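K.L.:
Sending over a structure as structure tokens; questions will come in a sec.
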Amino acid sequence: AAACVIDLCRTDSALAKDVTPHLESLLKATISLLQAASQPAVLVKALGCIAVVAAASASAFKAYYAELMPLVSQVIVNPPTGTGSAEATKTVQGSAMECVALMGEAVGAETFAPDAKVVLNTLLTILKAGSTMTNDPSLRYLQDSVARIGRVLGPEAFAPYLPSVLPALLAAATRKVQASFTDAEAESVSAPYTVDQASGTVTMALDVRGVGVKQVTLNTSEMEERTHAVKLLSEYIQFMGPALAGHLQELAAAMLPNVSYWSSHTIRRTAAHCYARIVGAAAASARTSGVPAGSDPATSAALTAVV
């Protein structure tokens, strides 16, 4: 039932006027499910249901926010470990992160701000601690949730968290993706590609015109991680604007190798767009600080790095 609600509310036709009349009954049933469930798959659906209902009902969700926020926040701090694998537990924790961020987006900064600070500190503590799990499923949830919370709070309120948020993204955006190209037999071109789930790699044979048959092995997990980091950095540059003044030079330096990144058009395009936003953020920072153009060392350094 929770999965059906998720599918319904995620459609383009799901409007607040359609969801609001059923809001109380939906959330009461979902709260009961959240409190009683022990299976990770059920908890993920319950958290997803709350998240999409909050997003679809918008301001009407405020009446239920105070009851739900502590329940969902507790799942982040203490995800269930009694059943399921470590990966399943991390997925539940990640779903709770996403749910909290969407609830905050639904009620707005004024209502969410006090809880947002607590949640952000929790998320950044988890981020700092790191993970011993390969391809930790909660990491992307965490990164996306922090960015969403930042958009809700606004540049001024979120700026103090940037020193804790940006380093991991900058590292991921410039981390080398494992790839290899070796000679292969012509017959291997017709063979299906192989996937190594443990290492996150995909291997296939390609007949490259003018080069010959090559076996290509690419770590797609690392590629996805780098693509995601570049996209998130682009979002931060867009919504933080001049509040990023102290970080523009390192952002420009991180984007430089991505503008000509050999294996991903998405990465190249996103990085190129970032440079226009970096220049705009530097110019906006100079205007808001009242400093004449070209006389602010930090802004000049950022623009020089871009060039």
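Read-outs: derived from the displayed coordinates by stated rules, not from any lab. Everything numeric here is computed off the predicted structure, so don't read it as measured data. Please note: Cβ atoms are built from the backbone with ideal geometry, for glycine as well, and neighbour counts cover all protein chains shown.
K.L.:
Considering only the other residues whose Cβ falls under 10 Å of the Cβ of Leu232, what net charge follows from Lys and Arg at +1 and Asp and Glu at -1?
P.N.:
Neighbour charge sum, excluding Leu232 itself: 0.
K.L.:
Here's another thing I want to ask about it. Grab the alpha carbons of the stretch 79-224, take their convex hull, and tell me the volume per residue in Å³.
P.N.:
It is 159 Å³ per residue.
K.L.:
For the chain, set up a GNM with springs between Cα atoms under 10 Å and report which of Gln143, Gln238, Gln93 has the largest fluctuation.
P.N.:
Gln238
K.L.:
If you don't mind, another one. Relative contact order for the stretch 36-121: what percent, with Cα pairs under 8 Å and sequence separation of 6 or more?
P.N.:
42
K.L.:
Counting pairs of alpha carbon atoms under 8 Å apart in space and at least six apart in sequence, what relative contact order in percent does the chain give?
P.N.:
12
K.L.:
Working only with C-alpha atoms, what are the Rg and Dmax values of the stretch 30-148, expressed in angstrom?
P.N.:
Rg, Dmax (Cα atoms, Å): 13.5, 40.
K.L.:
Taking the chain as a Gaussian network, Cα atoms linked when under 10 Å apart, which of Arg269, Arg277, Arg148 shows the biggest mean-square fluctuation?
P.N.:
Arg269
K.L.:
Continuing with the same structure: Based solely on its DSSP helices, what 222 nm [θ] is calculated for the chain when runs of n ≥ 4 H residues each add -39,500 (n - 2.57) and the sum is averaged over all residues, nearest 500 deg cm²/dmol?
P.N.:
-21500 deg cm²/dmol
K.L.:
If I model the stretch 157-207 as equal point scatterers sitting on the Cα atoms and use the Debye formula, what is log10 I(q)/I(0) at q = 0.19, 0.24, 0.32 Å⁻¹?
P.N.:
Values returned for q = 0.19, 0.24, 0.32 Å⁻¹ are -0.77, -0.96, -1.18.
K.L.:
Still on this structure, please answer the following. What pairs from Lys62/Lys117; Lys90/Lys128; Lys176/Lys231; Lys28/Lys128; Lys28/Lys62; Lys128/Lys231 go past 24 Å between their alpha carbons?
P.N.:
Lys28/Lys128
K.L.:
Please compute the Kirkwood hydrodynamic radius over the stretch 84-123, one decimal place, Å, based on all pairs of different Cα atoms.
P.N.:
Its Kirkwood hydrodynamic radius stands at 10.9 Å.
K.L.:
Could you state the per residue volume, in Å³, of the convex hull enclosing the Cα atoms of the chain?
P.N.:
168
K.L.:
Report the Cα centroid-to-centroid distance between the stretch 150-196 and the stretch 252-275 in angstrom, as an integer.
P.N.:
12
K.L.:
As an exercise, identify the chymotrypsin sites (Phe, Trp or Tyr not before Pro) in the stretch 183-241 lying in DSSP coil whose Cβ has no more than 14 other Cβ atoms within 10 Å.
P.N.:
Of the chymotrypsin sites (Phe, Trp or Tyr not before Pro), the ones in loops of the stretch 183-241 whose Cβ has at most 14 other Cβ atoms within 10 Å are Tyr193.
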